[in-house]
Amino acid sequence: MSDAHVENVTYKTSPRMKNAAIAMIVIGAITFLWQYFQEAGELRAFANVLVSHFYLLTLALGGAFWIALQYVAGAGWSVVVRRIPEAMTKALPITIVTTIVVVLGMSYLYSWSLPRHPSEAAHEEGGAATEGGSSPLMVSPVYSAPAHKSEAHEKTGSAEGEESADELRAADEILDSKSWWLSKNFFYVRMVLYLLIWIGLANLLVKNSRKQDMDKNVSHTKANLKVSSIFLPLFGLSFSAASVDFIMSVEPHWFSTIFGVYCFAGLFVSSLAMITMITILLKRRGYLTFVNEEHFQDLGKLMFGMSTFWAYIWFSQFMLIWYSNMPEEVGYYEVRFNGEYRFLFFLNVGVNWVLPFFALLPRPNKRNMNIMFATSAVILVGHWLDLYLMVFPAYYSAPVFGWTEIGIFLGAIGMFVLATFTYLGKANLVPSGDPYLQESLHHHQ
Amino acid sequence: MSAHYSPLRVKLVEGNKSLGQITDEICRPMNRLPSKSWWLAFLVAFSALMMGIGAITYQVLVGIGTWGLNTSVGWAFDITNFVFWIGIGHAGTLISAILFLFRQKWRTSINRSAEAMTLFAVMCAGLFPLIHMGRPWLAFWVGPYPNTRGSLWPNPRSPLLWDVFAISTYFLVSAGFWYVGLIPDLATIRDKSTSKIKKFIFGVLSLGWNGSNRIWSRYETVYMLLAGLATPLVLSVHSIVSMDFATSVIPGWHTTIFPPYFVAGAVFSGFGMVLTLMIIARKVLNLHEYITTTHIERMCKIALLTGSMVGLAYGTEFFIAWYSGSIYERFTFLNRAFGPFAWAYWIMVSCNVITPQLFWFKKLRTNVKWVFIISIFINIGMWFERFVIIVTSLHRDYLPSNWTGYVPTKIEVMTLIGVFGLFFTLFLIFCRVLPMISIGEVKSVVSYANTRNKEH
């Protein structure tokens with residue numbers, strides 16, 4: 001067999017796609033503002049931004065994780081699709097913006113960021129707070145019911161609501177005992193740190209890979225192997241911590257040690273679905289002709305495996321908390337499993353695992369672009385639902401869903417598409433200098 | 001096979017071997033009398049086994065009151081050993097199933113013996129619940145079948161019963177997988193052997209293998225299916241073992257990260273043991289060209305990965321214990337690190353988290369002596385991990401008047417040594433009677449990355 005040659009091709013950005021993406025961003029921004037200025041609508045606006053923020057973050061960071069994983073594992077087959085995860089990392093800078101919005105909405109999203117003691121409250125809110133914490137029941141609020149919380153949030157306009165919320169917070173020994181971690185300033189420091197690590201190392205990986213297109217030098221692969229080895233442990237630490245910061249702390253009394261792993265499983269499978277989807281989109285437009293069903297079968301196998309891994313982690317967390325039934329933890333599932341979210345709770349497993357499991361099990365399905373595209377789309381919708389179920393039950397005792405959710409999510413997707421396809425329009429679609437390229441081009445099962 | 005190897009790929013078998021040479025070299029230990037060093041090792045292992053049999057007989061006769069347990073520490077040495085041995089088994093299945101699905105061709109030199117190790121380790125593990133039953137002859141009571149014992153039906157809500165099913169499934173599938181992989185090699189030995197008895201035995205065992213195209217193709221399909229079926233088992237077995245603890249409400253035991261954390265730990269400990277065994281085996285049986293430093297280096301990388309995962313899990317547990325705000329959680333973890341069992345905790349941390357970090361250095365990964373030493377540390381550390389989790393969570397419970405310590409009795413220590421004896425006895429016998437390396441599979445990778453000179 002002779003070496004196959006691939007021509008240097010870049011993606012021609014179609015103005016229609018660009019305009020559509022910009023339109024989506026505008027819709028997202030308008031929806032956010034519209035929701036924000038509704039009466040007592042701020043919480044819902046910010047909660048949607050939080051979901052979209054983490055959604056974008058997992059996709060973009062998932063791209064960087066994928067690249068690093070392939071370098072460290074010395075994988076050959078995946079080289080032909082590497083430009084796509086590289087493009088996905090270009091959405092990381094967007095998360096700076098979304099992080100800022102989340103920080104602006106902190107007082108709505110994170111009850112731990114509110115002043116808890118009357119003196120503090122008096123200091124910050126101009127003396128509106130009352131004495132609280134006299135009730136013996138309030139000494140150790142192991143888990144405050146979301147219904148109560150959302151009431152407190154929704155009534156922010158009335159004096160009554162403020163009082164009851166303040167009372168709850170005033171006696172919160174648990175939050176006091178961890179105020180070192182859950183404090184505004186340290187939170188900001190961590191955000192900056194995470195973004196620096198992620199964006200810095202992801203850019204380095206992409207830069208080396210791009211340079212290799214020009215000089216075909218193996219040294220870039222070796223350099224990226226080093227960068228990847230540094231990235232992976234840092235990613236493990238920072239992403240675990242970030243999932244606690246962004247998502248777990250929306251219910252600041254609840255805790256689960258597996259939470260970081262759970263978020264990681266979602267990150268892996270959803271970014272894989274996004275890589276597959278973009279590959280198919282490009283292929284349908286006549287690009288990436290050398291990506292064939294062999295590559296799709298491998299992507300499909302991994303998606304199948306990681307979707308099952310997600311289900312395994314989902315089950316581990318749910319089953320252990322349900323089985324032990326401890327008041328410190330079980331409230332989390334009380335709302336989701338026994339409350340109004342029950343249907344969505346089961347739907348979540350259906351779209352993130354049951355459906356992909358059966359869709360991806362037969363070999364011909366993994367080699368079929370249409371089925372792969374549809375399954376990826378299901379997983380990507382499922383990932384949104386998964387995040388929705390992590391965030392919204394903290395604020396609302398029953399699901400809220402409407403144009404706000406759709407609009408803000410569209411805005412996030414618009415930003416993602418714009419960033420990703422702009423990069424694909426600039427870079428050669430195949431890493432033509434990669435020493436593993438021939439293996440990837442001649443890949444078969 | 002694709003003939004396109006990246007220039008970065010390395011050969012998997014050294015020494016430009018011919019296919020016949022591979023068969024001869026791998027079968028050689030089976031065709032000659034055992035060496036002195038083999039006899040010495042066997043003698044030591046067998047003596048330990050005999051001592052263990054004595055200790056177990058004594059426990060069964062006298063009762064498990066011979067253990068060092070007390071009312072606060074109701075589970076200690078026995079369950080520690082059980083979890084330790086179950087964990088050891090995981091590397092075999094990971095190598096044979098998961099690495100197969102990931103097309104890691106370097107697995108071919110080590111999968112056979114790693115799988116054998118898995119089977120022996122699971123056998124060792126299975127002994128401990130049997131002993132703990134007190135009346136091992138009634139062990140069949142754990143089986144759910146219609147009986148005359150009234151309400152004495154195994155409780156399906158108990159993770160201990162899940163263990164029974166998880167581990168027996170694991171054992172059966174691993175044994176089946178191992179045997180299926182052996183069949184072509186058994187046929188090779190049948191064809192090569194000159195003695196009639198040997199020919200007969202291997203003839204029966206190889207199930208009429210004739211090496212035709214059709215047989216090979218069926219074989220490969222079965223092997224792939226079994227790999228797919230064995231893959232979830234790698235995760236399920238230790239997940240369910242972890243649930244023995246995590247479904248409880250004991251601080252230090254009940255934590256949601258246990259299933260994946262136990263699996264990572266199991267793979268880590270399994271690779272520790274595989275490294276120990278392989279380094280000895282390649283030296284004693286002169287298999288340097290099959291189990292090369294490349295193989296050892298890659299196993300070290302997996303140990304580094306899983307060891308770091310375990311480290312992240314330790315950190316997460318500690319952090320969340322603090323973050324939970326629960327005084328009991330916080331106490332349990334502080335007590336682990338600074339209480340009376342702090343020595344065990346720090347052995348665990350230094351062996352499992354700090355030591356494998358040495359594998360970041362290529363110089364150490366490729367230095368067989370260092371790898372051997374580190375692998376011993378991993379074995380020790382992973383035993384202590386289970387000891388720390390089990391004993392430190394129990395010995396100081398909610399009522400300070402109940403606080404106790406725990407010291408194993410001589411009988412318990414003798415049982416552990418005896419089970420090590422069983423493990424090594426079985427492994428040494430395995431090295432003598434079956435090909436330690438998968439002949440058929442190694443032949444399929446001998447050309448790997450070997451043809452590139454012709455390409456360019």
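The values are calculated or read from the model by the stated rules, or taken from the named source; none is laboratory data. Because the structure is predicted, anything quoted here is derived from the model rather than measured. Heads up, the Cβs are rebuilt from the backbone with ideal geometry, glycines too, and the neighbour counts pull from every protein chain shown. Each accessible area value is taken on the protein alone, full model and side chains, heavy atoms only, with ligands, DNA and RNA left out. Shrake-Rupley method; radii C 1.70, N 1.55, O 1.52, S 1.80 Å.
Looking at the structure I just gave you, is residue A:252 within 30 Å of residue A:113 (Cβ to Cβ), surrounded by fewer than 22 Cβ atoms within 10 Å (Cβ to Cβ), within 7 Å of chain B (Cβ to nearest Cβ) and over 18 Å from the mean Cα position of the chain (by Cα)?
So residue A:252 fails the test.
Looking only at the range A:356-370, filter to residues that are in contact (Cβ under 8 Å) with a residue 24 or more places away in the chain and assigned to a helix (DSSP H, G or I); which one of those is most open to solvent (accessible area, probe 1.4 Å)?
Top of the filtered list is A:363.
If you check every pair at least six apart or on different chains, which have Cβ atoms under 7 Å apart with a residue in the range A:34-57 that is in the same structural domain as residue A:97 (by TED's automatic domain parsing) and buried (at least 21 other Cβ atoms within 10 Å of the Cβ) first and a residue that is assigned to a helix (DSSP H, G or I) and among the charged types (D, E, K, R) second?
Listed pairs, sorted by first residue: A:35/A:44; A:48/A:405.
Please work out which one of (1) crowded, with 21+ Cβ neighbours inside 10 Å; (2) within 14 Å of chain A (Cβ to nearest Cβ) is the condition residue B:91 fails and give its number.
(2)
For residue B:305, which of the numbered conditions (1) closer than 30 Å to residue B:436 by Cβ; (2) buried (at least 24 other Cβ atoms within 10 Å of the Cβ); (3) facing another protein chain (nearest Cβ under 9 Å) fails to hold?
Result: residue B:305 passes all but (2).
Out of all the residues in the range B:352-370, is one or more touching a residue at least 24 places away in the same chain (Cβ under 8 Å), closer than 30 Å to residue B:131 by Cβ, open to solvent by less than 50 Å² (accessible area, probe 1.4 Å) and of a type in the set (A, V, I, L, M)?
No.
Could you count how many residues in the range B:316-351 are part of a helix (DSSP H, G or I), open to solvent by less than 70 Å² (accessible area, probe 1.4 Å) and within 14 Å of chain A (Cβ to nearest Cβ)?
12
Name the residues in the range A:220-248 that are under 30 Å from residue A:176 (Cβ atoms), within 9 Å of chain B (Cβ to nearest Cβ) and among the polar types (S, T, N, Q), would you?
A:240
Please state which one of B:206, B:174 is touching a Gly at 6+ places or on another chain (Cβ under 8 Å), at pLDDT 90 or above and at negative phi.
B:174
Kindly indicate whether any position in the range A:111-120 is in contact with a Pro (Cβ under 8 Å, 6 or more places away or on another chain) and either within 27 Å of residue A:266 (Cβ to Cβ) or open to solvent by 40 Å² or more (accessible area, probe 1.4 Å) (or both).
Yes, because at least one residue in the range A:111-120 is in contact with a Pro (Cβ under 8 Å, 6 or more places away or on another chain) and either within 27 Å of residue A:266 (Cβ to Cβ) or open to solvent by 40 Å² or more (accessible area, probe 1.4 Å) (or both).
When you go through A:384, A:353 one by one, which is the residue that is within 14 Å of chain B (Cβ to nearest Cβ), under 21 Å from the mean Cα position of the chain (by Cα) and not hydroxyl-bearing (Ser, Thr, Tyr)?
Unique residue meeting the criteria: A:353.
With the requirement that a residue be among the β-branched types (Val, Ile, Thr), under 30 Å from residue A:319 (Cβ atoms) and in a helix (DSSP H, G or I), what does the range B:253-306 give you?
Across the range B:253-306, the qualifying residues are B:263, B:267, B:302, B:306.
(1) within 12 Å of chain A (Cβ to nearest Cβ); (2) of a type in the set (Gly, Ala, Ser); (3) open to solvent by less than 10 Å² (accessible area, probe 1.4 Å): which one isn't true of residue B:187, the others all being true?
Unmet condition: (1).
For residue A:317, are the conditions met, namely being of a type in the set (S, T, N, Q), more than 30 Å from residue A:189 (Cβ to Cβ) and assigned by TED's automatic domain parsing to the domain that holds residue A:67?
no
Out of A:400, A:430, which single residue is buried (at least 21 other Cβ atoms within 10 Å of the Cβ) and in a loop (DSSP other than H, G, I, E, B)?
Every option except A:430 fails the conditions.
Output the residue which, of all residues in the range B:371-405 that are within 14 Å of residue B:81 (Cβ to Cβ) and of a type outside the set (Val, Ile, Thr), is surrounded by the most Cβ atoms within 10 Å (Cβ to Cβ).
Looking at the filtered set, the residue picked out is B:385.
Between B:428, B:422, which is open to solvent by less than 60 Å² (accessible area, probe 1.4 Å), touching a helix residue (DSSP H, G or I) at 6+ places or on another chain (Cβ under 7 Å) and at pLDDT 95 or above?
B:422 is the lone residue from the list that is open to solvent by less than 60 Å² (accessible area, probe 1.4 Å), touching a helix residue (DSSP H, G or I) at 6+ places or on another chain (Cβ under 7 Å) and at pLDDT 95 or above.
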